[in-house]
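Inspection log for the structure reproduced underneath, given as structure tokens.
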Amino acid sequence: MSKSENNLQYTYDKGQCDYYYIVFNKGWDGARVFVDSREGSGTLSVISSFGNFGYTWNSIGNRSFKDFLAGLGFDYFMGKACPDYMQFDGEKTVKNFLKEYDELKKEENEDYNPEDDYLRDALEQMSDEHDENSFCWRFSHEELDDIFPEFYHDLSHSPTASATGFWNEVWPRILDVFAKEKQGEAINQEQE
């Protein structure tokens, strides 16, 4: 149906949306899953105890939307459904810098002793930093950017706990429900 009011032009239709309510871990965790499938496209919206994830794919080829979803990998899915799923990882970043720093120092001096190096100590103390901007400020403040002038390229990021929790706990259950539904099994039963 088309509509034009107050110079707003739009079309709309009322479609069918599949809704699933998945509860697990003895009721402590769950997800409300909404799937709107259309020819060649689909929308997924998941509200779960691990966060909210959703996206509309407008070009999925000739397969069903649920089959399309079942074939997605972690990074692709998260990049679409939760674009901020990666977070700065201070511990991993410092570990990588320490390795490179020690190699540089040993090249300069074979007798290098890491225990006598105040810059190395400063770098080690930054491993508890969880904010990327704070880490970069501290890194520059300690003059480590003189040793690693392009350190911004070497910052490490890892998936958030909610993204990995969703992928490991909720996503397999969603795909299991889709598979059971495809096989014609009743899905209104407790699974654990």
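Below, the figures for the structure above:
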| item | result |
| --- | --- |
| Structure-derived semi-axes √(5λ) of the Cα gyration tensor in Å - corresponding label in [x] 81, 18, 10; [y] 77, 13, 9; [z] 48, 22, 15 | [z] |
| Cβ charges +1 (Lys, Arg) and -1 (Asp, Glu), total dipole of the stretch 87-159, debye | 300 |
| Rounded Å value of the spacing that divides the Cα centres of the stretch 1-78 and the stretch 86-117 | 45 |
| Cβ-derived FRET efficiency at R0 45 Å, residue 20 paired with residue 156, nearest 0.05 | 0.80 |
| Förster radius 25 Å - calculated FRET efficiency between residue 39 and residue 175 (Cβ-Cβ, nearest 0.05) | 0.70 |
| Rg over Rh, two decimals, the stretch 87-159 (C-alpha only, Kirkwood Rh) | 0.96 |
| Net lengthening on full extension, residue 70/residue 84 (0.36 nm per residue, minus Cα-Cα) | 2.9 nm |
| Computed lengthening from residue 134 to residue 121, 0.36 nm per intervening residue step minus Cα-Cα distance | 2.9 nm |
| The chain - charge dipole about Cα centre, Lys and Arg +1 at Cβ, Asp and Glu -1, debye rounded to 20 | 2120 |
| Label-point gap, in nm, between residue 168 and residue 32 - each point 7 angstrom along Cα→Cβ | 2.7 |
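Readers should treat all values here as calculations from the given coordinates under stated rules, not as data from a laboratory. On a predicted model such as this, the values are computed, not experimentally measured, just so you know. Every residue, glycine as well, gets a Cβ built from its backbone with ideal geometry; the counts of neighbours run over all protein chains shown.
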